[in-house]
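To keep things clear, I will list the structure first and then write my remarks on it.
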Amino acid sequence: MDGRRLLLEVHDEVVDCRACPRLVEWREQVAIRKRAAYLEQDYWGRPVPGFGDPLARILIVGLAPAAHGANRTGRVFTGDRSGDFLFAALHRVGLANQPEAVGLDDGLSLTDVFITAPVKCAPPANKPTPEERAACRPFFQREVAALERVSVVVVLGQIGYVATAAEFGLRPRPRFGHGVEARLVDGRTILCSYHVSQQNTFTGRLTESMFDAVLVRAMELAAAG
């Protein structure tokens, strides 16, 4: 099966998944008890599959959907401050056709990059359990397998780094740090970045120039690999 068809299959299976009772209850509860700013909107309230270019050479890995971001809009990193920062950066370096992501019908398209997360449902307190991470793992594995051209994996934050390193068999695993690069035995590269969370971007721990530098480096590695 070709990568595009596999990604479509995974997409449909992710959207229909109800494997984790705690996550199902939480995501659906959030979709009913909406944030005041979004009272007039219909929340997605389901698992969120990956999104992007099926022929991507760069894979970006987060952690999980945000309760009032992707759990509302139905697309990873879409509709929250983290996504605002991420997509603006992707646009600046030429990987996205526009700097904003607000919903499924906003016209956003990505070139040479695919974005996903190891956990597909918004978890309470942004903390999925080990069992929930394990239940989602096959989806993540199949997305990775479908993206046959990926040569660079940009991981956002230490949790995403640990999950990705385990999936790609990175041993020994270098200590996480912004800009850290780890070469895999198959020639691919894991490239670390601080997460694009509000906590990091509002405090200046992660600046636009810092994140742009990571994306530019990912593009250099992809072009060379």
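The values are calculated or read from the model by the stated rules, or taken from the named source; none is laboratory data. Keep in mind that what you see is a predicted model, and the values were worked out from it rather than measured. Glycine gets a Cβ as well: all are built from the backbone with ideal geometry, and neighbour counts include every protein chain shown.
Of note:
- Of all residues in the range 149-164, none that is farther than 21 Å from Gly187 by Cβ and at pLDDT 95 or above has its Cβ atom under 7 Å from the Cβ atom of a residue that is among the basic types (Lys, Arg) and crowded, with 23+ Cβ neighbours inside 10 Å, 6 or more apart or on another chain.
- A residue that is out of contact with any strand residue (DSSP E or B) (no Cβ under 8 Å at 6 or more places or on another chain) and of a type in the set (A, V, I, L, M, F, W, C) cannot be found anywhere in the range 169-178.
- For Tyr161: the one exception among (1) buried (at least 17 other Cβ atoms within 10 Å of the Cβ); (2) farther than 21 Å from Pro49 by Cα; (3) aromatic (Phe, Trp, Tyr): (2)
- Any hit, the range 15-38, residues being among the charged types (D, E, K, R) and under 20 Å from Asp112 (Cβ atoms): no
- Residue check for Val76: under 22 Å from Glu9 (Cβ atoms) and touching an Asp or Glu at 6+ places or on another chain (Cβ under 7 Å): no
- Exclusive hit being modelled with pLDDT of 95 or more, surrounded by fewer than 21 Cβ atoms within 10 Å (Cβ to Cβ) and closer than 28 Å to Gln29 by Cβ, set Pro99, Pro124: Pro124
- Per-region count, the range 73-102, residues within 17 Å of Ala213 (Cβ to Cβ) and of a type in the set (S, T, N, Q): 0
- Looking across Arg137, Arg142, Arg133, one residue alone is surrounded by fewer than 24 Cβ atoms within 10 Å (Cβ to Cβ) and closer than 23 Å to Val180 by Cβ. It is Arg133.
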